[in-house]
Amino acid sequence: MNWRNLYLDIIDFVKAGDIQIDDLQVLIDSEKIMRDYLMKKRNDIGNIKNHIFFFGDIKEAYKEFKEQNPHVAFSRSEGGYTFYNSKRKTYMSISNLMGIILITIYRMHREEYWENTEIFNCRGIIRAKNQYIKSIVGQEFFEWIKEMNESQLKLNLHQKEKIAKNIIENKEEFINSKMFKQMMKDRKL
């Protein structure tokens, strides 16, 4: 899944022309490894690591993060992209599937820490217990939800009225919805 994000983002980075050649090379090399693996030209993905993080209930967060309504933002959205940090030599693609976060790490800084999140190519059960991440991806999470909230503010008046009308007409259904429950979690945070 993140191979497609990486492939398309490399094209965008080249078009924009704002990526250093060393950074671009890391991404191109990673894309080739993943493509070859998907095309069955190789048996492994080398040092590339895939992680899964289940975005659950947040128990504590700093004020600025709380204000972005993270429960609603992550559990009610989907999308993905590639990012990198030249100084830390960290390169990743991230996909959010309504609160299931898939992260492909092409290269990471030695201070990155991922616990109980790595996906191995084998049969088994994925358990979401005691997951912990200390990573620059946290800043990406923050920027992502900030961007989602900003896009909601850009809804035109007609769209806002339509949403409000639907909520009023279906009040009981809305109160019993997962969206409302996520909104309440954000309010309590």
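The residue list Met39, Gln25, Val14 was ranked by how far each Cα lies along the charge dipole of region 13-61 toward its positive end, using unit charges on Cβ atoms, and Met39 comes out on top. Taking amide H positions as modeled 1.01 Å from N, with prolines and chain starts lacking one, no residue 5 or more places away or on another chain lies under 5 Å from Ile45.
The length gained by stretching the chain between Met183 and Arg88 to full extension, at 0.36 nm per residue less their Cα-Cα distance, is 30.7 nm. Phi angles of region 156-161 translate, via the Karplus equation with coefficients 6.51, -1.76, 1.60 and θ = phi - 60°, into HN-Hα couplings of 6, 4, 4, 5, 4, 5 Hz per residue; Gly and Pro are given as x. Rounded to the nearest Hz, the phi-derived 3J(HN,Hα) couplings of region 98-104 under the Karplus curve 6.51 cos²θ - 1.76 cosθ + 1.60 (θ = phi - 60°) are 6, x, 9, 9, 9, 10, 10, where x marks glycine and proline.
Each label point was placed 7 Å from the Cα along the Cα-to-Cβ direction; for Glu147 and Asp44 their separation is 3.3 nm. Amide H contacts of Gly99 (H built 1.01 Å from N, in plane; Pro and chain starts excluded): Ser77 sit under 5 Å, all sequence-distant by 5 or more or on other chains.
Ile19 sits among other residues whose Cβ lies under 12 Å from its own Cβ, and their net charge, with Lys and Arg +1 and Asp and Glu -1, is -4. Each residue of region 62-70 was assigned a 3J(HN,Hα) from its phi angle through the Karplus expression (A = 6.51, B = -1.76, C = 1.60, θ = phi - 60°), giving 6, 3, 4, 5, 4, 5, 8, 6, x Hz with x at Gly and Pro.
Summing Cβ point charges (Lys, Arg +1; Asp, Glu -1) relative to the Cα centre of region 1-43 gives a dipole of roughly 420 debye.
Over all other residues within a Cβ to Cβ distance under 14 Å of Phe74, the charged ones net out to 0, with Lys and Arg as +1 and Asp and Glu as -1. For the pairs Lys134/Lys178; Lys89/Lys134; Lys87/Lys146; Lys32/Lys87; Lys32/Lys154, flag any whose C-alpha to C-alpha distance is greater than 27 Å. Table pairs above 27 Å Cα-Cα are Lys134/Lys178; Lys32/Lys154. The sum of -39500 (n - 2.57) across all DSSP H runs of n ≥ 4, divided by the residue count of the chain, sets its helix-only mean residue ellipticity at 222 nm to -14500 deg cm²/dmol. In degrees from 0 to 90, rounded to the nearest 10, what is the angle of the helix 137-153 Cα long axis to the longest principal axis of the chain? So the helix axis and the longest Cα principal axis differ by about 40 degrees.
FYI, it's all coordinate maths here, none of it is from the lab. Keep in mind the model is a prediction, meaning the values are calculated, not measured. Cβ sites come from the backbone with ideal geometry, for glycine too, and all protein chains shown count toward neighbours.
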